[in-house]
């Protein structure tokens with residue numbers, strides 16, 4: 001059956017993350033059948049083309065076999081198998097086949113000729129003698145051709161992660177080329193790649209098991225291993241690679257490594273601390289006195305040897321110098337570093353035979369103390385790309401200023417998805433929020449950091465999803481203009497990997513995962529962030545409930561998949577959900593165990609048992625991962641992740657402290673607590689329960705908690721003094737470790753208007769306790785049509801729900817980033833670069849309306865994302881006011897020298913937010929009625945997450961994330 005082209009385009013788009021679909025799986029008018037059962041394409045190339053192009057074509061031939069069952073043929077001798085569909089692939093200027101098509105006018109390459117890593121794909125009539133129609137893929141250079149080949153592979157159904165994440169092949173009965181022309185490139189970022197770092201223990205243990213050590217005696221990071229990495233990078237349209245530095249010597253571990261990178265077409269580099277293509281381990285072996293001031297001749301010779309060794313291979317050279325082993329040098333300063341770079345550039349010129357330094361790819365990474373040299377006036381040649389670093393946890397510290405954006409060498413970004421160092425290592429599993437990556441990389445791109453994007457991915461394996469997202473942004477950032485583009489990308493990615501039937505649910509799951517994990521890295525959880533809020537807002541249990549719901553969701557998706565798809569889904573989606581939930585359970589229940597033990601609850605012992613069971617389950621999940629596919633990924637989860645007490649790994653996974661309860665409490669068998677208090681009755685002071693109104697959020701249900709404080713059992717009864725108040729369950733029997741919540745409901749249609757009090761009499765175990773619950777049966781007037789409504793003395797407003805947004809004279813306004821930050825969303829300026837600092841007069845305004853029933857002197861808490869003063873000429877600031885009062889300006893980031901962390905950085909990193917709390921001077925205090933909080937972002941770095949107004953100034957108890965969002969009206 002023939003279909004119309006628009007329908008076919010959708011069929012193809014569903015299977016690939018590509019800009020312009022060029023294949024379909026059902027016949028189309030004017031199309032060409034490329035493959036099917038017993039049918040495979042003949043892939044024609046010029047023998048003089050680049051080896052990498054020919055090698056990628058061989059992969060394409062195998063990819064057709066994976067999808068249709070019939071392997072394609074590859075030939076460079078001009079012969080074509082009879083009746084085979086022809087695919088012509090080549091590089092402009094290196095392929096006679098391509099050049100003849102261009103000169104004859106059959107192939108238009110004007111859109112890509114002379115451009116970087118671009119390709120055109122077209123279905124052409126009579127391309128060569130004896131061939132009536134062929135699919136032609138022409139590259140502007142060798143990687144352009146390679147990307148065009150792999151683009152076709154992805155479209156027919158081969159994921160770039162087919163080997164590294166075991167994404168199954170979705171077989172098709174037939175594949176057709178569409179009668180259309182598609183152009184791709186040049187990429188948004190010139191050099192795009194990954195850094196394999198912190199490879200102990202997981203990656204190194206895995207490599208040493210599956211890749212035997214090379215004959216030179218080096219570790220297992222040999223050519224066979226790197227072939228897998230290089231293929232993945234090229235399938236992801238990346239081109240740049242920093243090899244392992246702690247347990248690897250790329251050029252010495254296997255003498256085939258360097259030539260292999262050149263054959264594949266990978267641009268090699270070395271990390272920020274490894275100049276001129278020499279590794280850290282080589283420094284230790286061949287130049288142990290790594291000191292420019294005392295051992296200059298040997299250091300120079302060592303560096304020069306690196307250029308000599310790599311001169312025939314495409315290399316982006318790292319310049320500069322640090323101390324031994326990624327540490328600051330005790331002797332280098334700005335002046336001596338200028339001399340180092342001058343020598344390095346002259347060496348590049350002499351060894352490479354190229355006097356024009358602008359034609360030699362080179363970069364200097366301004367990492368840690370090195371950045372301070374630049375900030376204090378060090379002169380850096382214009383031909384060097386300045387590679388700006390984040391703070392190691394995903395927050396860019398510096399980006400090009402207006403005066404730096406026209407440098408010949410341009411600028412780039414060194415980013416982290418994995419790190420070893422203060423305040424905590426994080427290198428176990430994926431802990432990256434994709435929407436945060438979107439926000440930071442869009443900021444970097446707008447600020448002209450466009451020459452290099454390199455990301456530290458640690459062991460590679462657990463970070464498949466953020467790697468794919470980062471590199472797709474780097475290849476074509478125009479596809480990521482909208483803040484919602486990450487969610488859209490996630491759904492398309494999930495379709496490609498697991499199928500359209502689960503793509504929407506997978507997108508929701510991973511967007512939720514990002515929101516949950518950015519709250520705090522796994523390695524930071526032993527600080528017990530929820531220890532102070534196990535009572536307030538039930539935060540610890542609420543967080544655990546969210547993780548449990550996520551794990552249940554991914555389990556349901558996993559159970560619905562066919563056997564072939566399950567391994568990849570487990571590795572990328574299900575494993576981080578269930579493993580993450582288990583770690584969260586350990587720490588949340590350990591915090592609750594401590595509280596329950598203080599309250600003498602027997603259920604504290606059950607919680608302790610739950611924690612120990614979760615600890616065992618954590619080990620079992622690791623074993624499950626390692627047993628996948630016959631042990632293919634054994635060791636990849638070897639990383640210690642429980643029991644951190646400083647920045648470095650503990651010696652083993654350990655449990656947090658647990659308490660136990662024995663005997664019978666002197667105040668009797670019956671124990672009673674209420675939400676928002678750690679008091680235990682009988683015996684303690686009687687707390688007043690938090691007030692309840694018709695507008696109390698559904699997340700904040702009121703309850704009475706009953707439990708056993710000794711050995712034995714008792715029957716309880718709870719009776720309210722009024723019939724419009726109900727409790728469920730209102731009676732029952734508890735014994736040993738039983739622990740129940742009796743939830744309170746109010747029939748507000750029958751409750752008295754205004755303030756009243758409901759009382760509860762609880763009897764059991766020969767004891768009686770009376771509790772009071774303040775009620776406030778109030779109603780918002782009909783004139784309040786859009787905004788948040790106070791309950792219990794506060795209003796909590798998520799950034800994504802403003803009442804109104806203004807537009808500044810410069811055209812900037814705000815946009816909402818969905819699934820961003822710790823709780824809901826982020827609010828960020830649409831333009832993030834301004835010629836001068838913004839003020840409340842020149843910045844757009846976001847207004848949040850709220851209605852209060854209480855009165856008092858307010859206190860405000862504002863949560864903004866972790867950020868830095870990325871432009872040292874402008875402070876990253878914001879301002880706020882209530883009810884038109886004088887704006888208060890806040891600059892969270894202390895001005896410091898580059899490379900030094902500002903005051904409060906550790907705390908802000910731990911909680912991934914700058915949190916500002918202050919009293920607000922409102923004339924006469926807040927009155928009952930409608931109010932407005934105005935917010936101004938005064939810099940492009942500012943992303944608002946949440947605003948909490950404590951109307952009375954003392955109504956909000958301490959918590960990690962603040963109260964959940966207040967009830968709203970007028971929002972969809």
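The values are calculated or read from the model by the stated rules, or taken from the named source; none is laboratory data. As the structure is a computational prediction, the values presented were derived from the model and not from experiment. Because the Cβ atoms are built from the backbone with ideal geometry, glycine has one as well, and the counts that use them run over all protein chains shown.
So the values come out like this:
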item: Matching option when the condition is over 26 Å from residue 201 (Cα atoms), at pLDDT 95 or above and in contact with a helix residue (DSSP H, G or I) (Cβ under 9 Å, 6 or more places away or on another chain), among 459, 472; result: 472
item: Meets criteria (outside the structural domain of residue 430 (by TED's automatic domain parsing) and either closer than 20 Å to residue 44 by Cβ or modelled with pLDDT of 95 or more (or both)) for residue 202; result: no
item: Answer residue from the stretch 61-100, given it is in contact with a strand residue (DSSP E or B) (Cβ under 6 Å, 6 or more places away or on another chain) and in a helix (DSSP H, G or I) and is nearest to residue 231 (Cα to Cα) among those; result: 61
item: Candidates 189, 146 - the one that is buried (at least 24 other Cβ atoms within 10 Å of the Cβ) and either part of a loop (DSSP other than H, G, I, E, B) or out of contact with any helix residue (DSSP H, G or I) (no Cβ under 6 Å at 6 or more places or on another chain) (or both); result: 189
item: Subset of the stretch 911-925 (residues that are modelled with pLDDT of 95 or more and surrounded by 20 or more Cβ atoms within 10 Å (Cβ to Cβ)); result: 913, 914, 920
item: Where residue 812 falls short, out of the listed (1) surrounded by fewer than 20 Cβ atoms within 10 Å (Cβ to Cβ); (2) in a loop (DSSP other than H, G, I, E, B); (3) free of Cβ contacts under 8 Å to residues at least 60 places away in the same chain; result: (1)
item: Filter result for residue 289 (without any contact (Cβ under 8 Å) to a residue 12 or more places away in the chain and part of a loop (DSSP other than H, G, I, E, B)); result: yes
item: Answer from 939, 908 - the residue that is in a loop (DSSP other than H, G, I, E, B) and surrounded by 19 or more Cβ atoms within 10 Å (Cβ to Cβ); result: 939
item: Criterion violated by residue 426 - all others in (1) buried (at least 23 other Cβ atoms within 10 Å of the Cβ); (2) closer than 29 Å to residue 154 by Cα; (3) touching a residue at least 40 places away in the same chain (Cβ under 8 Å); (4) in contact with a helix residue (DSSP H, G or I) (Cβ under 6 Å, 6 or more places away or on another chain) satisfied; result: (2)
item: From 609, 579, residue being assigned to a helix (DSSP H, G or I) and touching a helix residue (DSSP H, G or I) at 6+ places or on another chain (Cβ under 9 Å); result: 579
item: Failed criterion for residue 636 (all others in (1) modelled with pLDDT under 95; (2) in contact with a helix residue (DSSP H, G or I) (Cβ under 7 Å, 6 or more places away or on another chain); (3) surrounded by 12 or more Cβ atoms within 10 Å (Cβ to Cβ) hold); result: (1)
item: Scope the stretch 21-60; condition assigned to a helix (DSSP H, G or I), more than 21 Å from residue 178 (Cβ to Cβ) and in contact (Cβ under 8 Å) with a residue 40 or more places away in the chain; matching residues; result: 51, 52, 53, 55, 56, 59
item: Residues being touching a strand residue (DSSP E or B) at 6+ places or on another chain (Cβ under 8 Å) and either free of Cβ contacts under 8 Å to residues at least 60 places away in the same chain or more than 18 Å from residue 407 (Cβ to Cβ) (or both) - total across the stretch 349-366; result: 3
item: Residues (over 14 Å from residue 761 (Cβ atoms) and under 47 Å from the mean Cα position of the chain (by Cα)) located in the stretch 711-729; result: 726, 728, 729
item: Among (1) touching a strand residue (DSSP E or B) at 6+ places or on another chain (Cβ under 6 Å); (2) closer than 25 Å to residue 913 by Cβ; (3) assigned to a loop (DSSP other than H, G, I, E, B) - the single one residue 784 does not satisfy; result: (2)
item: Only one of 830, 842 that is surrounded by fewer than 24 Cβ atoms within 10 Å (Cβ to Cβ), assigned by TED's automatic domain parsing to the domain that holds residue 956, free of Cβ contacts under 8 Å to residues at least 40 places away in the same chain and under 26 Å from the mean Cα position of the chain (by Cα); result: 830
item: Residue that is in contact with a helix residue (DSSP H, G or I) (Cβ under 6 Å, 6 or more places away or on another chain), part of a loop (DSSP other than H, G, I, E, B) and modelled with pLDDT under 95, where the choices are 957, 953; result: 957
item: Residue 161 in contact (Cβ under 8 Å) with a residue 40 or more places away in the chain and either part of a loop (DSSP other than H, G, I, E, B) or surrounded by fewer than 20 Cβ atoms within 10 Å (Cβ to Cβ) (or both); result: yes
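Yes/no matrix, rows are residues, columns are (1) in the same structural domain as residue 589 (by TED's automatic domain parsing); (2) touching a helix residue (DSSP H, G or I) at 6+ places or on another chain (Cβ under 9 Å); (3) in contact (Cβ under 8 Å) with a residue 12 or more places away in the chain; (4) farther than 18 Å from residue 170 by Cα:
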position	(1), (2), (3), (4)
492	yes, yes, yes, no
497	yes, yes, yes, no
502	yes, yes, yes, no
517	yes, yes, yes, yes
527	yes, yes, yes, yes
534	yes, yes, yes, yes
544	yes, yes, yes, yes
551	yes, yes, yes, yes
566	yes, yes, no, no
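Every residue, every condition in (1) surrounded by fewer than 16 Cβ atoms within 10 Å (Cβ to Cβ); (2) touching a residue at least 40 places away in the same chain (Cβ under 8 Å), yes or no:
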residue	(1), (2)
302	no, no
305	no, no
312	yes, yes
315	no, yes
325	yes, yes
341	no, yes
344	no, yes
